[in-house]
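Just below is one structure, and these are the notes that go with it.
Nothing in this text is a laboratory measurement; each read-out follows from the coordinates by a stated rule. As the structure is a prediction and not an experimental result, all values here were calculated from the model. Cβ: placed from backbone, ideal geometry, glycine included. Neighbour counts: every protein chain shown.
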Amino acid sequence: MSALETFSEKERAYHAYQARQNYLREQRSIQRHMEELRAEAEQAQADLERAQADKAQAQASMQQARANLEQERAAKEAALAEIERLKEQLRGQAD
C-alpha cells in the first residue's frame with residue numbers, strides 16, 4: 001500500500017508541478033501581450049502628438065501666409081492711393 005501512496009503522491013506532485021508550469025507560461029504570455037499593447041499605445045500616442053504638431057505647424061504657416069497677403073493688399077492699396085494722389089496733383093498743375 002505504501003508503494004501506491006508514494007506513487008500517488010509523486011503523481012500529485014507532478015501534476016501540481018505541471019499546473020504551475022502551465023500557469024507560469026500563461027502568465028508570461030499575458031505579460032508579453034500586455035507589453036505589446038502598451039508599446040502599440042505608446043506608438044499611437046507618439047503618432048498623435050506628431051500629427052498634432054504637424055497640424056499646428058500647418059496652421060501657423062497658413063496664418064503667416066494670410067498675414068503676408070494682407071500686407072501685400074495694404075501695400076497695393078497704398079500704392080493705388082499714391083497714384084490717385086499724384087494724378088490729382090497733375091490735374092491741379094495742368095489746370
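Fully extended, how many nm does the chain gain between Gln31 and Ala16 (0.36 nm per residue separation, minus their Cα-Cα distance)?
3.2 nm
Counted by Cβ distance under 12 Å from His33, the other residues give a net charge of -1, where Lys and Arg count +1 and Asp and Glu count -1. Against the chain, whose longest principal axis is taken from its Cα atoms, helix 2-94 shows a tilt of about 0°. Treating each Cα of the chain as an identical point scatterer and summing with the Debye formula, the log10 of I(q)/I(0) at q = 0.19 Å⁻¹ comes to -0.98. Under 10 Å, Cα contacts only: if you run a Gaussian network model on the chain, which one of Gln18, Gln52, Gln63 comes out with the highest mean-square fluctuation? Judging by the Gaussian network model, the answer is Gln18.
Length gained on full extension, Ala81 to Ser61, computed as 0.36 nm times the residue gap minus the Cα-Cα distance: 4.2 nm. Dipole size of the chain about its Cα centre, with +1 on Lys/Arg Cβ and -1 on Asp/Glu Cβ: approximately 220 debye, rounded to the nearest 20. Listed by chain and number, the aspartates and glutamates whose alpha-carbon sits under 16 Å from that of Lys87, ignoring those within fewer than 8 places in the same chain, are Glu77, Asp95. Between the listed residues Ala65, Tyr23, Gln43, the Cα displaced farthest toward the positive end of the dipole of the chain, a dipole computed from Cβ unit charges relative to the Cα centre, is found at Tyr23. Is the C-alpha gyration tensor of region 10-59 telling us rounded, prolate or oblate? Criteria: a/c under 1.5 is rounded; beyond that, a/b larger than b/c is prolate, otherwise oblate. Because a/c hits 1.5 or more and a/b exceeds b/c, region 10-59 counts as prolate. Charge tally around Glu49: other residues with Cβ under 13 Å, Lys/Arg +1 each, Asp/Glu -1 each, net -1.
Net charge of the neighbourhood of Leu80, taken over other residues with C-beta under 12 Å away and scored Lys/Arg +1, Asp/Glu -1, is +1. Its residue count N sets the reference 2.2 N^0.38 Å, and the alpha-carbon radius of gyration of region 47-95 equals 2.19 times that reference.
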